[in-house]
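In what follows, a single structure is set out as structure tokens and then discussed.
Coordinate-derived values only; no laboratory data. All figures in this text were calculated on a predicted structure; none of them were measured in a lab. Cβ coordinates were reconstructed from backbone atoms using ideal geometry, including for glycine residues, and neighbour counts include every protein chain displayed.
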Amino acid sequence: MTHGRPRADPIALAATAVVLALVPLVAGDSGHYMRIATLMLIYMVYAVAFNIIFGHTRQLFLCVGALAGASGYVSVVLTLKLGWSPWLTIPLGIALAMLLGGVFSYVSVRRGLGVIFVGIVTLVFSMIFHNLVLGLRELTNGETGIETKGIAPGMLTSAPASYYVLLGVLVLSLVLYHLLLRSRAGKAFQAIADDELAAALAGIDVTFYKVLAATIGSALIGAVGALYAYYGGFISPTVYSLVSVDIVVLVTLLLGGMGTAAVAIAAPLRSAAVIPSACRSDAPAPGARPSHRRVRQGRKVLQGNVGARAASARPFSLRVLHLGPQLDRDAEVPQRPVQLHVGVAQHRLDLRRLALRHRRLDQGARGLHLRDPLLHAHRIPPHRSSARRNSCGRWSMMRRVLSS
Amino acid sequence: MLAILLDGIVQGLQLSLMAVGITLIFGLGGVLNLAHGQFAVVGGIAAALLLGEGLNPWAACGLGVLTAGVFGLVVDRTLLLPAYRSAGEERLLLGLLITLGLSFVVNGFLDYRYADVALTLSLPVPSFSVGGITIRTASAVAALIALVAFALLYAFLRGTLLGKVIRSIIQNEVGAGLCGINPARIRTLIVVLSAMMAGLGAIAQGLFSSVGTEMGNELTSFALIVAVVGGVRSINGTLVAGVLLGIVNAFASYYVGAYLTLLILLATAAFTILLRPQGLFAHRT
């Protein structure tokens, strides 16, 4: 997907950080603009995280809001009820989000769920979370929400300070994203996004990398969810609802171009300017004017419209939606992956047919030593333990068939 | 006890009426329609508006169902075209995003324009009793609507050549195309049919309580759960799953409260996907 273009250019990253750091100097006087700017940062981190999960490894997590909310609520409730310091409970919230994201990813990879079913499972989780928050009144205060004013750590009480804290989180997540994509994991993500079967056949541990992406993404979501809880001074189920988080993030990603670094920097800048600024009525502003209801409804129309239009016209940046193999579409493809892709693509059809024909053999082949001749046919070194770790599911079935 | 059971069955039939549309569109068009509840709401609101104009309730409901159908037609012939042009997983994803976007547009527009319109139908006789059990007329009528709709659907799918064509496309779109069937036209027919059934579901819902602009997402999610539990490709499965979940819903709301019931239903859906992705009762369509 991102062949040939520098993924997260350090210079662009630094420039983004500097520009964003200057924002309070311009908008610092107005509480309203500071709030929009901070919300923008929050949604940018959401987008970066969701980009790792969906843009790079094709796991449609429709529970971004729920993960953020789980983290935020756990942190706030523990702080309120047990009197722990937020510095202790925020990591706990992050850990919970990581755990949840990792489990969803692991289970869905192991069960071989397609994109759509991952979407439904996570959507159902979102609904369960929402209902739990509404139902566990004595802990969460239901629809009314919880005030977090008195318990927030000092840094998150003044507007500029919290802006810089969140900017720190954003820069951190961008650096993380950058490092991740530059590492071996980045190559694996690219291969998985292009063609999961080919990636598995090339010896990439699909389960491991998908779970890795989901865990890292969820950790970022959890971090920003917990910070948001304290920053806003107030949390309620609406703060983390599907509509106010997931949809916005999905639209952001669609507009910005999925699986690109540009999404991490440019897209939120571009679309965040449009969407979260309208979001302000959605964010719990005590004493919001009644006219904000109009704004919210207008935003819904706008958002839906943009989403539908972006998805249906398939314009500039919807490259994610070409899920098929992308072999020679991009001229600037780096050398090695091309060889990998072409090599595997040549075999792929044969393999599929072979695997289908010999599906019954699979049962008998369980005890065989797993050794994939393809691993050695390509010059990419195989992961040492990948064969064993990945020893379940469709991919390894192919592999077993090959080795039998 | 028996009353709860009956109530559950009626609820279940209504759920299936909504869910069968999702099943059909998914089976035939390969698009998971997340705007299905909105189809229903459009039908319901149209009926309510016509009722407000002083139209005969029968005519208003008929026109409401028709409006839902026309809406489905327009969506199918315009918005969903890019999805149909692609295949496989790409079509699923594109369809999902398009219908999700559509649901927001419709929700936003209806909220904005017709926030205070809701469909409520009142029947002349509130309840009658058979063999010692008091039955609400609304339940009986709603069950009747659903049963008749399902009977017609089955007769259509089993008995007519067109039905056979539809089943053939569900089995294998390419194969059907090779036999000289035009999948696009059949798809449009099915989307319209599903939208009309959704509209009918809204009318049935209007008999019990009211159908407002905000109900779209709720209806979609319930229909989605039923369709998923029934196996998103099987009509029989959807019917059985709907009735089963309806009964579970009725008993659970009676004994443990509505809040836990919803959680139980959601958990059922999640576990069905994880344990049996093909659905509980996956048979032939």
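Karplus couplings for region A:154-161 from phi (6.51 cos²θ - 1.76 cosθ + 1.60, θ = phi - 60°), rounded to Hz, Gly and Pro as x?
With the stated coefficients, region A:154-161 comes to x, 4, 9, 8, 8, 4, x, 4 Hz.
Let's test the formula: R0 of 30 Å, r as the Cβ-Cβ distance of B:Tyr154 and B:Ala184. What FRET efficiency results, to the nearest 0.05?
Given R0 = 30 Å and the Cβ-Cβ separation, E is 0.75.
Which FRET efficiency value, to the nearest 0.05, do you get for A:Glu143 and B:Leu161 by plugging their Cβ-Cβ distance into 1/(1 + (r/R0)^6) with R0 = 51 Å?
0.45
Based on alpha-carbon centroids, what's the gap between region B:101-153 and region B:1-57 in Å, whole number please?
8 Å
State whether region A:35-179 is rounded, prolate or oblate according to the following rule on the C-alpha gyration tensor (a ≥ b ≥ c being the square roots of its eigenvalues): a/c under 1.5 gives rounded; otherwise a/b larger than b/c gives prolate, and the remaining case gives oblate.
It is oblate, given that a/c is not under 1.5 and a/b is not larger than b/c.
Grab the beta carbon distance between A:Ala95 and A:Ile11, set R0 = 51 Å, and tell me the FRET efficiency rounded to 0.05.
Efficiency, from the Cβ-Cβ distance: 0.90.
At what distance in angstrom do the alpha carbon centres of region B:240-261 and region A:177-210 lie from each other?
43 Å
Give me the dipole magnitude in Debye, nearest 20, for chain B about the Cα centre, with unit charges on the beta carbon: positive for Lys and Arg, negative for Asp and Glu.
Charge dipole, chain B, about its Cα centre: 840 debye, nearest 20.
Per-residue ellipticity at 222 nm for chain B, helices alone: DSSP H runs ≥ 4 residues times -39500 (n - 2.57), over residue total, nearest 500 deg cm²/dmol?
Using -39500 (n - 2.57) per qualifying helix, the result is -25500 deg cm²/dmol.
Name the residues whose placed amide hydrogens come within less than 5 Å of the amide hydrogen of A:Phe234, ignoring near sequence neighbours (fewer than 5 apart) on the same chain.
For A:Phe234, whose amide H was placed from the backbone, the distant partners under 5 Å are A:Thr148.
Using θ = phi - 60° and the Karplus relation 6.51 cos²θ - 1.76 cosθ + 1.60, list the HN-Hα couplings for region B:137-151 in order, rounded to whole Hz, with x at every Gly or Pro.
4, 4, 4, 4, 5, 4, 4, 4, 4, 5, 5, 4, 4, 5, 4
Compute a Gaussian network model of chain B, connecting alpha carbons closer than 10 Å, and tell me which residue from B:Ala149, B:Ala195, B:Ala241 fluctuates the most.
Between B:Ala149, B:Ala195, B:Ala241, it is B:Ala149 that shows the largest mean-square fluctuation.
Residue by residue through region B:23-33, what is 3J(HN,Hα) from phi via Karplus (6.51 cos²θ - 1.76 cosθ + 1.60, θ = phi - 60°)? Round to whole Hz and write x for glycine and proline.
4, 5, 5, 5, x, 8, x, x, 10, 8, 7
Just B:Arg233, B:Arg158, B:Arg187 to compare: in a GNM of chain B, with alpha carbon springs under 10 Å, which one fluctuates most?
B:Arg158
Looking at chain B as a GNM with Cα springs under 10 Å, which of B:Gly88, B:Gly30, B:Gly163 has the largest mean-square fluctuation?
In the Gaussian network model the winner is B:Gly88.
If each residue's Cβ is checked for other Cβ atoms within 10 Å, how do B:Ile203, B:Ile4, B:Ile9, B:Ile133 rank with the fewest at the top?
B:Ile133, B:Ile4, B:Ile9, B:Ile203
Return the long-range amide H neighbours of B:Ile135 (sequence gap of 5 or more, or a different chain), with a cut-off of under 5 Å between placed amide H atoms.
B:Phe128, B:Ser129, B:Val130
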